[in-house]
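The values are calculated or read from the model by the stated rules, or taken from the named source; none is laboratory data. Not measured: the values here are computed from a predicted model. Here the Cβ is made from the backbone with ideal geometry for all residues, glycine too, and neighbour counts use every protein chain on show. What goes into the accessible areas is simple: the full protein's heavy atoms, side chains included, and nothing from ligands, DNA or RNA. Shrake-Rupley method; radii C 1.70, N 1.55, O 1.52, S 1.80 Å.
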Amino acid sequence: MSWMPFKIGQPKKQIVSKTVERDFEREYEKLQKLEDQTKKLHKDMKKSTEADIAMSKAAVKISGDLLSNPLCEQDQAFLDSMTALDTAMKRMDSFNQEKVNQISKTVIDPLKKYSGVFPSLNMAVKRREQALQDYRRLQSKVEKYEEKEKTGPIMVKLHQAREELRPVREDFEAKNKQLLDEMPKFYHSRIDYFQPSFEALIRAQVVYFTEMHKIFSELTDQIDQAGMTDEQRERENEAKLNELRALSIVADD
């Protein structure tokens, strides 16, 4: 008796309900987005701290260059101002390094560790998908023998196919149930996991900027004795520049 070849993995019987499949896809999609967001946040936090370090190192370099300016050898007031600036920049750099170290320990490292959990989750989803494919393949095999004429050899093969299907079905159902139970729990865990990290981030920033306020308030008291406004300084600079432009060595031909 001739028969049409059946499609592997496409049983007639619906072995996973559309509701279950939708629930699974919804929960897994949420975790995929969470993985992307966690990786992006980790990358952005690293870039932010690297920029912080570069900024304070550049500020220290600028103050050091100003301190070594020949003008400091001639003008004691300028030397005092640049010394105060250099001290303030080095203090800023020191507090900035402490802030970055704190953020690395309390935010960046936990983000990296959290990201490290997702490969295991994705592997569990792949194993569930493989179990589903095996389930479909063997269900199709059972259906093939069920549709054939019930001869002795066919009934033996049908019995064997059903015996082969049973542990595969149980394996899929166990994997499916576990993921449907645990994916929402994993997703909701993010709040309890990250809240301490973000609180630590805020504290680190508050401590840093509180210290910066002290440092720059002291610096202002040291170098801003004249109490000039920015507009007054701008006008004074422009007047000095006009005097320089009037010199014959820079005059237009």
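Structure above, values below:
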read-out	value
One residue from ALA161, ALA174, ALA204 being in contact (Cβ under 8 Å) with a residue 12 or more places away in the chain, of a type in the set (Gly, Ala, Ser), surrounded by 11 or more Cβ atoms within 10 Å (Cβ to Cβ) and over 30 Å from ILE108 (Cα atoms)	ALA161
In the range 9-41, the residues that are open to solvent by less than 100 Å² (accessible area, probe 1.4 Å) and either of a type in the set (Gly, Ala, Ser) or closer than 30 Å to TYR145 by Cβ (or both)	GLY9, PRO11, ILE15, VAL16, SER17, THR19, VAL20, GLU21, PHE24
Residue, most open to solvent (accessible area, probe 1.4 Å), within the range 118-154, restricted to residues that are among the aliphatic types (A, V, I, L, M) and modelled with pLDDT of 90 or more	MET123
Residue count, the range 133-186 (criterion: within 28 Å of TYR114 (Cβ to Cβ) and either more than 43 Å from the chain's Cα centre (by Cα) or of a type outside the set (S, T, N, Q) (or both))	11
Verdict on SER94 being hydroxyl-bearing (Ser, Thr, Tyr) and in contact with a helix residue (DSSP H, G or I) (Cβ under 7 Å, 6 or more places away or on another chain)	no
Members of the range 99-116 found to be without any contact (Cβ under 8 Å) to a residue 60 or more places away in the chain and open to solvent by 20 Å² or more (accessible area, probe 1.4 Å), listed by number	ASN101, SER104, LYS105, ASP109, LYS113, GLY116
